[in-house]
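Undergrad: Dropping a structure here in structure tokens format, bear with me for questions.
Each value in this text was obtained by applying a stated rule to the coordinates, not by laboratory testing. Because the structure is a prediction, the values reported are computed rather than measured. Methodologically, a virtual Cβ is constructed for each residue, glycine included, from the backbone with ideal geometry; neighbour enumeration extends over all protein chains shown.
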């Protein structure tokens, strides 16, 4: 059984400068990525960056990311 | 024997000492532009080849599915982009044969921690690809800083001192384009290899051995291992290294004040010669 992690990308609109959840996660479960693939010669707009669950097997459902998120954008269920 | 040496060493002692493996063509015929890559946060999350399917297969112990997914991922990685652990000594030799060389930002730490570019110059790129990197900083975030060979040697030595493992990565095998300086848990390659059992990072050509006569139990080495191979025997008051788990990076050896840990050739131990 694995936890499910949902991030509301509308609420979480600038994870690159916030990154509180990335730093608080004890097992580095979350990943920072973008909503677009790599595009040659184009800078990716900061609001295209997203955070999401990646390494689910290491998630202990401690809820630290949920409580630290200033936008209440993260939900973790088990 | 190391399969990469068998295929690509061409008479050199190891495949990564062969200068031809750093001479990737700068210009290639462009492929037709395929469909635009679909948004995929997992892909962008620093573990490009593994998604939730694999984690779920591991979770329900579906050995058949695990074996298939692992096989597919490994075949693709070995063709395009995989790494091998190297000792500091070998890394310094590699720096002698490559040009140009530049510091750049680490993509893994960006995706794991969102580390800002200015704190993230722990990767080294080499070869003609660096000119591309320099020219288009908006594509390859953070830009690059070109280094002289002396500066490059100094930089890897400092990163080794800091506790980062040196690894070489291919960009279109057999072309080696990067010296990464990695640690658990923020290196995707180490995590994929250690946590998921996918051989994205190959063990190096050496094995660390502890001389129990010389080891005085000071435990200075304990924090140096990034591969869960080194522990401390409370009973014997000595460092304990599992040779089958050792990746041969040499970080424990460079830290030992008693010189009690030596790096020996993997091939010198028959049962380890094919453990990569």
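Undergrad: Working from the alpha-carbon coordinates of the stretch B:228-276, get Rg over Rh, Rh being the Kirkwood radius.
TA: A ratio of 0.98.
Undergrad: Just to be sure I understand: with springs between alpha-carbon atoms less than 10 Å apart, which residue in B:255, B:265, B:64 has the highest mean-square fluctuation in the Gaussian network model of chain B?
TA: B:64
Undergrad: Rank B:104, B:112, B:126 by mean-square fluctuation in a GNM of chain B with C-alpha springs under 10 angstrom and give only the top-ranked residue.
TA: Sorting by GNM fluctuation, first place goes to B:112.
Undergrad: Normalised by the number of residues in chain A, what is the relative contact order in percent for Cα pairs under 8 Å and 6+ residues apart?
TA: Relative CO of chain A lands at 48 percent.
Undergrad: Between the stretch B:128-202 and the stretch A:27-78, how far is it from one alpha carbon centroid to the other, in angstrom?
TA: Here the answer is 23 Å between Cα centres.
Undergrad: Still on this model: How do B:141-153, A:44-56 rank on mean C-beta neighbours within 10 Å, highest first?
TA: Ranked by mean Cβ neighbours within 10 Å, highest first: A:44-56, B:141-153.
Undergrad: Under the Kirkwood approximation applied to all pairs of distinct alpha-carbon atoms, what is the hydrodynamic radius of the stretch A:4-77 in Å?
TA: For the stretch A:4-77, inverting the mean 1/r across all distinct Cα pairs yields 12.7 Å.
Undergrad: Could you work out the relative contact order of chain B? I mean the mean sequence separation of Cα pairs under 8 Å and 6+ apart, divided by the number of residues, in percent.
TA: Rounded, it is 19 percent for chain B.
Undergrad: For chain A, what is the mean residue ellipticity at 222 nm derived from helices alone (per DSSP H run of n ≥ 4: -39500 (n - 2.57); sum divided by total residues; nearest 500 deg cm²/dmol)?
TA: Computed mean residue ellipticity for chain A: -3000 deg cm²/dmol.
Undergrad: Once every DSSP H run of n ≥ 4 in chain B is given -39500 (n - 2.57) and the sum is divided by its residues, what mean residue ellipticity at 222 nm do you get, rounded to the nearest 500 deg cm²/dmol?
TA: Using -39500 (n - 2.57) per qualifying helix, the result is -9000 deg cm²/dmol.
Undergrad: Could you give the C-alpha radius of gyration of the protein assembly as shown expressed as a fraction of 2.2 N^0.38 Å, taking N as the number of residues it contains?
TA: 1.02
Undergrad: Using a 10 Å cut-off on Cβ to Cβ distances, tally the other chain neighbours for every residue of A:44-56 and report the average as a whole number.
TA: 5
Undergrad: If I take the Cα coordinates of the stretch B:70-119 and project them onto the principal axes, what are the three extents in Å, biggest first?
TA: 35, 29, 19
Undergrad: Using the count of nearby Cβ atoms within 10 Å as a rough guide to exposure, how do B:205, A:28, B:223 rank from fewest to most?
TA: Fewest-to-most ranking of B:205, A:28, B:223: B:223, A:28, B:205.
Undergrad: Hey, another quick one. How are the alpha carbon pair distances in chain B distributed across 10 Å bins from zero to the largest one, expressed in percent?
TA: Going from the shortest bin to the longest, the percentages are 6, 26, 36, 23, 7, 1, 0.
Undergrad: If you find the alpha carbon centre of the stretch B:105-125 and of the stretch B:251-276, how far apart are they in angstrom?
TA: Value for the Cα centre distance between the two parts: 29 Å.
Undergrad: Mind checking the angle between helix B:149-162 and chain B's longest principal axis? C-alpha axes, 0 to 90 degrees, to the nearest 10.
TA: For helix B:149-162, the angle is close to 60 degrees.
Undergrad: May I ask you to work out the translational diffusion coefficient for the stretch B:168-260 at 20 °C, viscosity 1.002 mPa s, via Stokes-Einstein with Rh from the Kirkwood sum over Cα pairs, reported in whole µm²/s?
TA: 150 µm²/s
Undergrad: Just counting partner chain Cβ atoms within 10 Å, what average do the residues of peptide B:112-119 show around their Cβ?
TA: Mean shielding count: 5.
Undergrad: Evaluate the relative contact order of the stretch B:154-219 (contact order divided by residue number), counting alpha-carbon pairs under 8 angstrom at least 6 apart; express in whole percent.
TA: Value for the stretch B:154-219: 17 percent.
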